[in-house]
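Taken together, the values in this text are just the output of simple stated rules run on the coordinates, not laboratory data. This structure is a prediction, so every number in the text was calculated from the model and none was measured. Glycine also receives a Cβ, built like all others from the backbone with ideal geometry; neighbour counts cover every protein chain displayed.
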Amino acid sequence: MRRELRDESMNRREFLLRTAKAGAGVAATCFLAYWLYDGTPPGPLQEQDELVMLPDFSMPGLGPKMSIVTGGDRIQTVNRALKAIGGIEAFIKPGDRVLLKVNAAFATPPILSATTNPQLAAEVAHLCFKAGAASVVVTDNPINDPESCFNLTGIAEAARSVGARVFLPTEDSFEPTTVKDATLIRGWPLLYSPFVGINKVIGIAPVKDHHRSGASMTMKNWYGLLGGRRNIFHQDIHNAIKELAMMVTPTLVILDATTAMMTNGPTGGSLADLKRTNTMIASTDQVAADAFGATLLGKTVAQLPYISKAEASGVGTADYASLNPIRESTG
Amino acid sequence: MVSQPTKCETSIGFGILLVLAGIVIGVFLKQSHYNPAVLVRGALEAGIRAAPKADLSEEFLIEVAAGMVPMNPPEIFGPENLSDKINGRAELYLSAGFLRLLCQRFAEANDPSSWMEVFIYDMGIIRRAFAVYSVQRRPDAEKATFTEFAYRTENALFFLHGRYYVELIAAVTTQRMAEAMQVFAHTFIGKTEVQGGDIEELALFPREGLNEEGITFLISNAFGFDRFDNVFMADYALGNTQLTAFLSIRENPSEASELVAAYHGFLLANGGVNVESDIGVPGAKVVKILDSFEVVFSQGKFLAGIHAAQDRGQAEKHAIRLMQKLSGASG
Amino acid sequence: MTIVTVRRISQALFLGLFLWFCIVSSLGREWWQLRGWPVNWLLQIDPLIALGTMLTTRVLYSGLLWAMVMVVLTILLGRFFCGWVCPFGSLHHFIGFLGRRRRPAHDRITLNQYHPGQCIKYYLLIFLLAAAAGSSIAQLVRVTHGHSMIVSISVIAVLAVLAVIAILRFISNPRRAIGILLVVVGIWMGLGSFLPLDRMNAASLQIGLLDPIALVYRSVNLVLLPVVDAGIHKLSTIQRYYEGAWLIGAIFLAAVFLNLRIPRFYCRFLCPLGALLGVLGRFALWRMGKTRDECTACKLCDADCEGACQPSGEIRINECVLCMNCRSSCKEGLVDYQTSPSASGEITSPDISRRGFVIALISGISAIPVLRLSGEAGPNWHPEVIRPPGALPEEGFLARCLRCGQCMRICPTNIIHPAGIKGGLEALWTPTLNFRVGTSGCQLNCIACGQICPSAALRPMSLDEKLGRKDYATTGPIRLGTAFVDRGRCLPWAMDRPCIVCQENCPTSPKAIFTRKQFTTVRGGVLLVKRADALRVEFEGNPLEPGQFATGDYYCTVGIETDDHRRRIVENSGNTLAIAPSWPWQSPPPRGSFVRIQVHLQLPFVDPKLCTGCGICEHECPVRVKRAIRVTPENESRSRERSLLLPLAGQRQ
């Protein structure tokens, strides 16, 4: 009798405990259902990560400046060119974090001039440090394998020798971006990681003929910031270059026409493709720089439609003369 | 074995059976709310049945007449390139359901400068052929008697043969050429089999004062009103007044009467003034617009009326005549 | 009315309902066609499907809310789904019943003894859920990114506690299990703070492979119905084919016939849904059990036990499918569905070891990233895998596809087929298009597959969206791929044979396939003229086959080949040719001159801007075996990697 009573009370307690647990389970289920329920079907495109956009890196209030310096020694000409537009101190302030966008597209030796000259890149980095920059990072998304490109072009060693950091892109370095008012660069992977924390951007590009677009200079240099299957943009290359110029508003651009690649660009391959035009251009207006660079290649602005398109989009002006470029010579 | 189910068990059992029955009923109720895929499917099948296929073989259509020599191979044009041949006029044919044009030029064997061009338009069904025939009828034409719908001008012959609308247009106005065109027409009509078919609206107009050659079929947008499709117009000379009667066979009487109200509203919205008039035709509307009178009424599934009449009395009288004729007809 | 009778009625009802749903799944308005029948309902009440999709997508999609109702009922009542509702279970029940009908009670009792292999289904459940959970775990880990240490640690702690509770429900030896799990969780979270684990954590929904409802839908839709219908042709006008159906059929028959060995083999040993319900039913308010401990130990209650839960001894609650047979078998009336636990004791936890648990967990989590190494979901995309219209981008698609075969069943042209392993093992039995089979390509005006998919792996679209009309005019139509002309096989390109079947059948307006005219001199088509008049030419010898050039595609030309000179051939005999009377020769070819016989070819080209990849051209191509025009998934709307062209302004990329 007593055992039955004890069994009964134990059973009742056990039952109540179980009911409580079951109730908790039911409550959890209802909560889960309420929280996660979504009656609408998923949309057509993948959930887009938040799009990133590059900020405007230009110096406010400075006005457009351009300098054209002739001479055979890159170090001398670039120093003079920068001094002519106000000196590097006008652009780089103490504590700035600078990104140098070089052309390291191919794993070719520097003498072929298919890539940015390493000594030039190192000198610009050195000047930035002299102006008080806290850090300088050198980057590009090459067409070939990044490590071999930066090594064989000599850029990696040169950069590191002055204390700049080389950023080699990996799969994770890209975020999708959309350029305002653009039709092609929409939700496209951009090499974004090196830009985090950066407040000054300098583009350093050689002057090259280009088989598809006619020329590759400062505006086309930004192509190296795109990821994904970017060769699809070759189908509409001039609009693509225009949108690249809309995408990046640099602090200034340096166009190296010391040895311009006159034919067989962009890879070149023979020293015979090069011509000693011995010119260095520094400019805050990338369209003007390209317009002048075109003359060194023996082409007109009309032959390079992307220049007029960029001008029409308000990126800059093709009439470089209107910028009153300071012309000097280092002899 | 529990021999007899307990009352508790039975009632629970019935409770469960009730739930199951509820599920079955729920399923039945759900099946009447068609899945969107099913709804779309129905629409698809209806569309497919509508379009008549073009007759592709051309061999029998053109037989070289004796004494005539072809100047070029027969050309075929479809809806996508009809405008290559007849330019702006293509719009008229395309809106009437044009299928195919076969044309060829012939010259007299001994006089190449005396030539003509044959245009055979396949419009699919006789009504559509009649539409393009009647709308383009030249006012100064002479009626031709070799077939029901035909007329000739100085240098051309136009006629209807079932679904085909044929134009024979000559570069010269000689008797010889006219005879050649006649022969061609005869041969064509004799050789080409077409489906029989009448245009029933033609017989519905009262005969008194009717210009038999003046009946026109407007496939769409009659009188500028976008809901007026399949409208037949007939010109009358009554006494010293001219007026135009129109009629259209609708799907059912309610559509006809609704269209009367719609056209009435259209006229009023475009500056018309309603005229109170008891002309003995039930539901008739009379409107004065731009110095002329419009009468519109419905009789069974016929929509009819008078268009742009100068004399209101004559218009109303004729409307009555029209109504009487229509009420005699099946409708 | 015994409860067992009610249970049988319920089983028959749901099985009948299931079969009815399978039969009516064809597009149409008749009462025996789709109409509005809720054919997905049995998939929607399946809690494993709901849980799986919640793990992979973190969303409970639409109709799957029914599954939550089922979960609540299971928590309260126990694993009744298996015994009363599941059509697959009812099938096993019936076959098992047939198999042991004539056997004496002693044999039946032995067959229904608990077998330690019954723990396998729990491992399968853990494996499948772990494979689905990868991305959700990554999301959780990502919570710690960009937040302060305090937040990260508290999140880790909460997760650890939840994991511990979960373990406690599973494993008999809790302490060591807790320890190991804490270590595992700790390492995982720690790693997640430094490494981009969200990229390593791929997840996809593989539960459809073994989930009983998905399996039975797939087997009936893709194997049973086509085989039965092959004879009677009632459900479909033509024989329906499904690639790789042999494997689905084999698995189905194996599962069914194994019941003759051990009753309800699949339910006891393999069914992950049963495992899940068994775990959920742990705290059920009512359970089977003995009302009194002392009984005659006749074990008759075990003789017809469906779940092999051993009601005669310590009843295993998580194996009990509430068939109620034990209750009606007991001569003493000692077994009942009651609120108090069985008087002989009960076991509520599944019999799995922590070692097995961890192995299943780790294998599950790593399975998908390992499978993805072959790249078939990305750069190594197989050219024959074309997804149906409305498919989500591949990662989202694999996170939702149940492999239930509903889309394959409903497709009116029978072009959706289960993928084999060519899309990777991960995509086994997911829908892919085969345009060679069936009645046509993807019909332009059909949206059936998206409308029927129960988990929106193929999302429901409107016809306007599919065709790119009205609101969707700027984004354009949905493209499945692009057709490519194989010039080495195409009749006009490679074999001088006129054919424009593909162009004629191209349904887009304007047509995506266009043609360019070409005249080619046929083989042996240069002939010496013996005699000619305005309409006929006669040749030396007997060079021709009578009627060979009478099809209307052949022309003959003398001297210069221009349109003005070519005459159409209307008939020919062995040595004569007759041209069309509508355009005779002005000056017939003189004796001794050469006449060239040319074939008028229209060479097909595809315009990638207009091609939607519907596959109708591939289906109609007269080169039957390896078609001369084939669709591959280039430029499909849902994928940026496979796009072929730069998009126009505003267009979907």
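Counting only complete DSSP H runs, which helices of chain C cover 27 Å or more along their long axis at the Cα atoms and score a mean Kyte-Doolittle of 1.0 or above?
Qualifying helices, which must be both long enough and hydrophobic enough, are C:3-24, C:120-143, C:149-170, C:174-194.
I need the shape label for the stretch A:66-329. Rule: rounded when a/c is under 1.5, else prolate if a/b > b/c, else oblate, with a, b, c from the alpha carbon gyration tensor.
Verdict is rounded for the stretch A:66-329.
Among A:Glu14, A:Glu157, A:Glu123, which one shows the biggest mean-square fluctuation in a GNM of chain A, springs joining Cα atoms closer than 10 Å?
A:Glu14
Pairs of Cα atoms under 8 Å, at least six residues apart: use those to get the relative contact order of chain C, whole percent.
Once divided by the residue count of chain C, the mean separation gives 14 percent.
Please get the size of the charge dipole for the protein assembly as shown, origin at its Cα centre, with Cβ charges of +1 on Lys and Arg and -1 on Asp and Glu, quoted in debye to the nearest 20.
5180
Exceeding 24 Å between C-alpha atoms, which entries from my cross-link table qualify? They are A:Lys208/A:Lys242; C:Lys121/C:Lys299; A:Lys101/A:Lys130; A:Lys275/A:Lys299; B:Lys191/C:Lys511; A:Lys180/A:Lys220.
The pairs that break the limit, which is 24 Å between Cα atoms, are C:Lys121/C:Lys299; B:Lys191/C:Lys511.
At a Förster radius of 45 Å, what calculated FRET efficiency corresponds to the Cβ-Cβ distance of C:Glu384 and A:Thr267, to the nearest 0.05?
0.80
Only Cα pairs under 8 Å and at least 6 apart count here; give the relative contact order of chain A as a rounded whole percent.
On the way: 672 pairs, mean separation 73.6, N = 331.
About 22 percent, as a whole number.
Is the shape of the stretch C:455-558 best called rounded, prolate or oblate, per the rule: a/c under 1.5 gives rounded, else a/b larger than b/c gives prolate, else oblate, with a ≥ b ≥ c the square roots of the Cα gyration tensor eigenvalues?
Prolate, because a/c is 1.5 or more and a/b exceeds b/c.
Restricting to DSSP H runs of at least four residues, report the calculated mean residue ellipticity at 222 nm for chain B, -39500 (n - 2.57) per run over all residues, nearest 500 deg cm²/dmol.
-11000 deg cm²/dmol
Between C:Thr110 and C:Ala534, what is the label-to-label distance in nm when each label sits 7 Å out along the Cα-to-Cβ direction?
10.3
In a GNM of chain A with a 10 Å cut-off on Cα contacts, which of A:Ala310, A:Ala84, A:Ala302 has the highest mean-square fluctuation?
The residue that fluctuates most here is A:Ala302.
Using Cα atoms only, what is the angle between the long axis of helix B:312-328 and the major principal axis of chain B, expressed in degrees (0 to 90) to the nearest 10?
Value to nearest ten degrees: 60.
Using only the alpha-carbon atoms, what does the stretch C:513-606 span along each of its principal axes? Please give whole angstrom values in decreasing order.
Each principal axis gives a Cα extent; for the stretch C:513-606 these are 44, 27, 21 Å.
When you look at the Cβ of every residue in C:54-64, what mean number of other chain Cβ atoms sits within 10 Å? Each step should come with its number before you reach the end.
On the way: counts 5, 0, 0, 3, 3, 7, 8, 7, 5, 1, 4.
Mean partner-chain Cβ count within 10 Å for C:54-64: 4.
Can you sort C:Ser639, A:Ser193 by how many other beta carbons sit within 10 Å, fewest first? Don't jump to the answer; show the numbers that get you there.
Details: C:Ser639 20, A:Ser193 14.
Ranking C:Ser639, A:Ser193 by Cβ neighbours within 10 Å, fewest first, gives A:Ser193, C:Ser639.
Where nothing but the Cβ of Lys and Arg (+1) and of Asp and Glu (-1) is charged, how large is the charge dipole of the stretch B:200-327 around its Cα centre, in debye to the nearest 20?
So the magnitude is around 240 debye.
If the viscosity is 0.692 mPa s and the temperature 37 °C, what Stokes-Einstein diffusion coefficient in µm²/s follows for chain C when Rh is the Kirkwood radius over Cα pairs?
The estimated diffusion coefficient comes to 113 µm²/s.
I'd like the distance between the alpha-carbon centres of the stretch C:427-488 and the stretch A:222-248, rounded to an integer number of Å.
31
Suppose a student asked you for the relative contact order of chain B, using Cα pairs under 8 Å spaced at least 6 residues apart; what percent would you report?
Once normalised by length, the contact order is 10 percent.
Mean Kyte-Doolittle hydropathy of -1.0 or higher plus an axial Cα length of 24 Å or more: which whole DSSP H helices in chain A meet both? Could the numbers behind the result be given before it?
On the way: long enough: A:2-36 (50 Å, -0.27).
What comes out of the filter, once short or polar helices are dropped, is A:2-36.
Report, in cubic angstrom per residue, the convex hull volume of the C-alpha atoms of the protein assembly as shown.
Spelled out: Cα convex hull of the protein assembly as shown, divided by residues, is 287 Å³.
Exposed loop GluC sites (Glu not before Pro) only (DSSP loop, at most 10 other Cβ atoms within 10 Å): please give the longest stretch of chain C free of them, not including the sites.
Working: sites that count: C:Glu30, C:Glu294.
Counting at most 10 other Cβ atoms within 10 Å as exposed, the longest clean stretch of chain C is C:295-653.
Could you tell me which residue out of B:Asn230, B:Ala21, B:Thr192 lies farthest along the dipole of chain B toward its positive end? Charges go on the beta carbon: Lys and Arg +1, Asp and Glu -1, centred on the Cα centre.
B:Ala21
Given a Förster distance of 35 angstrom, what is the FRET efficiency for A:Ala134 paired with A:Thr170, based on the Cβ-Cβ distance and rounded to 0.05?
0.90
Place +1 on the Cβ of every Lys and Arg and -1 on the Cβ of every Asp and Glu in the stretch A:66-329, take the dipole about the Cα centre, and give the residue among A:Phe150, A:Ala131, A:Thr249 whose Cα lies farthest towards its positive end.
Of the listed residues, the answer is A:Ala131.
Report the calculated FRET efficiency for B:Lys7 and C:Phe97 (r = Cβ-Cβ distance, R0 = 30 Å), to the nearest 0.05.
It comes out at approximately 0.55.
Tell me what chain C gives for mean residue ellipticity at 222 nm when only DSSP H runs of n ≥ 4 count, each as -39,500 (n - 2.57), the sum divided by the residue total, rounded to 500 deg cm²/dmol.
Calculated mean residue ellipticity at 222 nm is -11000 deg cm²/dmol.
Among B:Pro74, B:Ala144, B:Phe266, whose Cα sits farthest toward the positive end of the charge dipole of chain B (+1 at Cβ of Lys/Arg, -1 at Cβ of Asp/Glu, about the Cα centre)?
Sorting the options by dipole projection puts first B:Phe266.
How many angstrom lie between the C-alpha centres of the stretch A:133-156 and the stretch A:302-331?
When both Cα centres are located, 28 Å separates them.
Just how large is the dipole of chain B about the Cα centre, in debye to the nearest 20, putting +1 at every Lys and Arg Cβ and -1 at every Asp and Glu Cβ? Don't skip to the end; give the middle numbers.
On the way: 28 positive and 39 negative charges, 223 e Å.
In debye, rounded to 20, chain B gives about 1080.
Sort out for me the Cα centre separation of the stretch C:50-123 from the stretch A:20-99, rounded to whole Å.
Computed from Cα coordinates, the inter-centre distance equals 53 Å.
Rounded if a/c is under 1.5, else prolate if a/b is larger than b/c, else oblate: which is the stretch B:76-174, with a ≥ b ≥ c the root eigenvalues of its Cα gyration tensor?
Oblate is the answer for the stretch B:76-174, as a/c is 1.5 or above yet b/c matches or exceeds a/b.
Kindly put B:Ser298, C:Ser374 in sequence by how many other C-beta atoms sit within 10 Å of each C-beta, fewest to most.
Least to most surrounded, the residues fall as C:Ser374, B:Ser298.
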